[in-house]
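Structure, as structure tokens:
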Amino acid sequence: MTKKHRRAIGFVAVLLITATFAALAGTAFFLHVSSQNKERLAELNRQLLHRSEMAIDYAVISLVEAMELGATGCGVESRAEIRRLVFQRSSVKDVHVFGDDGAIQCSAHPDARELGLAPASIGPGEPASNRHVALHALDFEKGRQVGVSWRLPSGAGLLASLNIDALFFDILPPALRDRGEAKLMLGDGGTVVARYAPPQPGWEASKDSMAMGAASARYPLQTVLRIDNAPLQSWNMEAQPVVAAVGGGFGMIFALMLLRALRRTPDPVHEIDAALAAGEFQPYLQPIFSIDDKRIVGCEVLTRWIRQDGTVVTPDRFISLLEENGRIVPMTRAVMRKTLKALRPLISRNAAFKVAFNVTPADLLSADFAAEMTELVTQAGVDTHSVVLELTERQQIPDLGDAARKVASLRSLGFKVALDDTGTGHNGLSYIQTLGADTIKIDKIFVDAIGQNIAGSAIIEMLVSLAAALSMNTVAEGIETEEQRAALRACGVDEGQGYLVSRPLPIEEFISLVARGNAAIVPNKAIAA
Ligand code: C2E
Ligand code: CA
Ligand code: CA
């Protein structure tokens, strides 16, 4: 993927995350405000009911007061008392006296009947929780009013007519006033006794509206609010775009931080490729010496990854990573080229000198491996006889037959092949014969066992005699002491390798070590191994 592609993907990802956050913040705000709006409407409903109950409470108090003062008839004093009460209570429009048959006998207003503001009679009405009190729908020419009656045991009593419409006037908030109605209804029948609706004639709430009701516990009263959904959905939503924008802003910050974090996480393949391009994989050379006199007869190339900051990474940390990501072949080639170029003068002076490279099964089985090796070695101006290819037994070889053919073709071209880490894998000894190599490398674990248990020496002796039987020679690895060297020599091992002579060294140091004279010993030189 090119840098341009990565940038474009990053840009799209930031956009998507920003939009998602904005949408989530906007939706969360909408849901929150919607639920708050519902609560506000429920509160308006409670207020409306409460106002209506209060108006009726005042009417009841007025009627009780009148009766306590004996104003229950149509006499002059009684009517004067009733008029005073009407005057005192603004919501009480009029008070009428009715007989036990329900017929209205007189009203506080002297011309009420003539003006069409007093009913001729009343029925039982809708009973309240107080058994003396009932509510009535009073129909006049000019509209409907609520009547509150107090009935004495005789059946006669007083009736107050109320104007409740006024209580509704400002109940709806301005944003909803044009698109909603409030109603007060009587009893179970739902007779509407008061209503607020927008002033447009014939206004009806749309079907797409929300209704909410509340009922009184004391009076046979219900209130209903019905609001069109359209204004309801935008009610108190002014801040929604701002909230969405802020959500989007947070989303963008989050997305950018995420991208930065992702960019910072090193991508191992990317790192390896950069290291290959920068030539950070460096050959370190460890002498291989004659077991008899420690004369240096060759070397093994052990790769180190020298990072730009100078840190030295050992092969156990990167070889398998390179293999898993298909980069082992180019790395092996690069290290070989560099080594052979640097060692060419040394090899040309000493035709018997051998340079050993580690190759993995992936290297060996790669197409045209033998031809490529030949080309590489020839280009470096080195003879194939000077190059040893070490094939480890630690890694499974997927196709042993193919590997044996590759080994045979390499040997026919002049290369030497060594079996590395012999006896540590799971192949058994027949594998040595099947592959048909030149050299057996005896692993450090057997060298370490010398002097500690009999088995260690016995295995070495067995490998040496097997090598002799197959016309192979032996190299023992990991020799650290003179005692080990003496024991290996006694076993008949040909060559050795180990810190006893030197750790793996950078090429120049290795060359000067050889130049200082064969078998020069550099014990425990402080070089990263
Ligand atoms: P190996 O091929 O068995 O190499 C011998 C290892 O033993 C090296 O470890 C070497 O530094 C270490 N060694 C040598 N003498 C002594 C000694 O006296 N004492 C102790 N304690 N250690 C000693 P190193 O360099 O860490 O390499 C580890 C393995 O990584 C190698 O084991 C080899 O399998 C692999 N390797 C190294 N370079 C390459 C490479 O360029 N290509 C491939 N495919 N594998 C490599
Ligand atoms: Ca090796
Ligand atoms: Ca080995």
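The values are calculated or read from the model by the stated rules, or taken from the named source; none is laboratory data. These numbers were taken from a predicted model, which means no experiment stands behind them. Glycine also receives a Cβ, built like all others from the backbone with ideal geometry; neighbour counts cover every protein chain displayed. Areas reflect the complete protein model, heavy atoms only, side chains present, ligands, DNA and RNA absent. Shrake-Rupley method; radii C 1.70, N 1.55, O 1.52, S 1.80 Å.
Once you sort the root eigenvalues of the Cα gyration tensor of the chain as a ≥ b ≥ c, which label holds: rounded (a/c under 1.5), prolate (a/b larger than b/c) or oblate (the other case)?
Since a/c reaches 1.5 and a/b is larger than b/c, the shape of the chain is classed as prolate.
Write down the radius of gyration of region 9-63 and its Dmax, each obtained from C-alpha positions, in Å.
Here Rg and the maximum Cα pair distance are 23.7, 80 Å.
Over 28 Å between Cα atoms, which of K338/K406; K3/K341; K38/K93; K4/K338 qualify? The partial results should precede the final answer.
Values: K338/K406 24 Å; K3/K341 35 Å; K38/K93 35 Å; K4/K338 34 Å.
Over 28 Å Cα-Cα: K3/K341; K38/K93; K4/K338.
Find, among the trypsin sites (Lys or Arg not before Pro) in region 106-154, those assigned to loop by DSSP (not H, G, I, E, B) with at most 14 other beta-carbon atoms within 10 angstrom.
On the way: sites: R113, R131, K142, R144, R151; in loops: R113, R131, K142.
Taking region 106-154 and a limit of 14 other Cβ atoms within 10 Å, the loop trypsin sites (Lys or Arg not before Pro) found are R131, K142.
Using unit Cβ charges (K, R positive; D, E negative) and no other charged atoms, how large, in debye to the nearest 20, is the dipole of region 1-148 about its Cα centre? Walk me through the intermediate numbers first.
Numbers: 17 positive and 16 negative charges, 397 e Å.
Around 1900 debye, computed over region 1-148.
Work out, in µm²/s and without decimals, the Stokes-Einstein translational diffusion coefficient of region 9-102 at 20 °C, 1.002 mPa s, Rh from Kirkwood over C-alpha pairs. Kindly include the intermediate steps, with their values, before the conclusion.
Values: Rh = 18.4 Å.
After rounding, the answer is 117 µm²/s.
In percent, how large is the relative contact order of region 109-247, given Cα pairs closer than 8 Å and 6 or more residues apart? Walk me through the numbers on the way to the answer.
On the way: 222 pairs, mean separation 25.5, N = 139.
With pairs under 8 Å counted, the relative contact order is 18 percent.
By the scheme Lys and Arg +1, Asp and Glu -1, what is the net charge of all other residues having a beta-carbon under 12 Å from that of T332? Walk me through the intermediate numbers first.
Values: positive: R327, R333, R337, K338; negative: E323, D363, E372, E390.
That works out to 0.
How many percent of the alpha carbon pairs in region 207-326 exceed a separation of 26 Å? Intermediate results must be reported in sequence, preceding the final value.
Values: 4633 of 7140 pairs.
So the pairs more than 26 Å apart make up 65 percent of the total in region 207-326.
Send over the semi-axes of region 268-516's equivalent ellipsoid, whole angstrom and largest first, taken as the square roots of 5 times the C-alpha gyration tensor eigenvalues.
Working: eigenvalues 145, 92, 70 Å².
In descending order, the three semi-axes are 27, 21, 19 Å.
Given the C-alpha atoms of region 332-474, compute the convex hull and give its volume per residue in Å³. Walk me through the numbers before you get to the answer.
Details: hull volume 16.3 nm³, N = 143.
It is 114 Å³ per residue.
So what's the gap between the Cα centers of region 400-475 and region 135-199, to the nearest angstrom?
If we compute the Cα centre of each part, the gap is 110 Å.
Using unit Cβ charges (K, R positive; D, E negative) and no other charged atoms, how large, in debye to the nearest 20, is the dipole of region 1-263 about its Cα centre? Write out the running numbers ahead of the final one.
Numbers: 27 positive and 25 negative charges, 447 e Å.
Using only the charged Cβ atoms, the result is roughly 2140 debye.
Ignoring any ligand, DNA or RNA, what whole percent of the accessible area of the chain comes from carbon and sulfur when the probe is 1.4 angstrom?
On the way: 14980 of 26420 Å².
Solvent-exposed carbon and sulfur of the chain make up 57 percent of the total.
Test of understanding: what is the full-extension gain from R263 to A490, defined as 0.36 nm times their sequence separation minus their Cα-Cα distance? The partial results should precede the final answer.
Working: separation 227, 0.36 × 227 = 81.72 nm, distance 5.84 nm.
Taking R263 through A490 to full extension adds about 75.9 nm, to one decimal.
Hey, what number do you get for the chain at 222 nm if only DSSP H runs of n ≥ 4 count, each worth -39500 (n - 2.57), divided across all residues, to the nearest 500? Display every interim value, and only then the final one.
Numbers: 17 runs with 231 residues, N = 529.
Roughly -14000 deg cm²/dmol at 222 nm, from the helical runs in the chain.
Quick one: angle between helix 454-469 and the longest Cα principal axis of the chain, in degrees between 0 and 90, rounded to 10, please.
Between the helix axis and the principal axis of the chain, the angle is about 60 degrees.
Please state the relative contact order of the chain as a whole percent: Cα pairs under 8 Å, 6+ residues apart?
Details: 892 pairs, mean separation 58.9, N = 529.
In percent, rounded to a whole number, it is 11.
Relative to 2.2 N^0.38 Å, what does the C-alpha radius of gyration of region 1-263 come to as a ratio? Two decimals please. Kindly include the intermediate steps, with their values, before the conclusion.
Details: Rg = 28.9 Å, N = 263, 2.2 N^0.38 = 18.3 Å.
Against the empirical 2.2 N^0.38 Å value, I get 1.58 for region 1-263.
Considering the options T18, L44, A28, tell which one lies farthest towards the positive end of the dipole of region 1-51, charges being +1 on Lys and Arg and -1 on Asp and Glu at the Cβ, about the Cα centre.
Farthest along the dipole direction, towards plus: T18.
Once fully extended, how much extra length lies between S90 and D170, figured as 0.36 nm per residue of separation less the alpha-carbon to alpha-carbon distance?
Full extension from S90 to D170 adds 27.1 nm.
How far is the Cα center of region 242-318 from the Cα center of region 1-77, in Å?
The distance from the Cα centre of region 242-318 to that of region 1-77 comes to 62 Å.
Mean shadow of region 269-319, computed from the convex hull of its alpha carbons, in nm²?
On the way: hull surface 17.6 nm².
In nm², the orientation-averaged hull projection of region 269-319 is 4.4.
About its Cα centre, what dipole magnitude does region 335-458 give when the only charges are +1 on Lys and Arg Cβ and -1 on Asp and Glu Cβ, stated in debye to the nearest 20?
Working: 13 positive and 14 negative charges, 103 e Å.
For this selection, approximately 500 debye.
Using the Cα atoms of region 476-520, I'd like the radius of gyration and the largest Cα-Cα distance, Dmax, both in angstrom.
Values for region 476-520 (Cα only, Rg and Dmax): 11.6, 34 Å.
Please flag any cysteine in the chain that has no other cysteine's Cβ under 4.7 angstrom from its own Cβ.
Flagged as lacking a Cys partner: C299, C491.
Considering region 202-249, what Rg and Dmax in Å follow from its alpha-carbon atoms?
Both quantities, over Cα of region 202-249: 17.1, 54 Å.
Would you be so kind as to identify which of Y284, I442, G213 lies farthest towards the positive end of the dipole of the chain, taking Lys and Arg as +1 and Asp and Glu as -1 on Cβ and the Cα centre as origin?
Y284
For the charge dipole of region 48-110, defined by +1 on Lys and Arg C-beta atoms and -1 on Asp and Glu C-beta atoms about the Cα centroid, which residue among T72, I104, M54 has the Cα displaced farthest towards the positive pole?
M54
What aspartates and glutamates does K294 reach when the alpha-carbon gap must be under 16 Å and sequence neighbours fewer than 8 apart in one chain are set aside?
E477, E480, E482, E483, D494, E495
Using only alpha carbon pairs under 8 Å that are at least six residues apart, calculate the relative contact order of region 1-263 and give it in whole percent.
On the way: 437 pairs, mean separation 64.7, N = 263.
Once divided by the residue count of region 1-263, the mean separation gives 25 percent.
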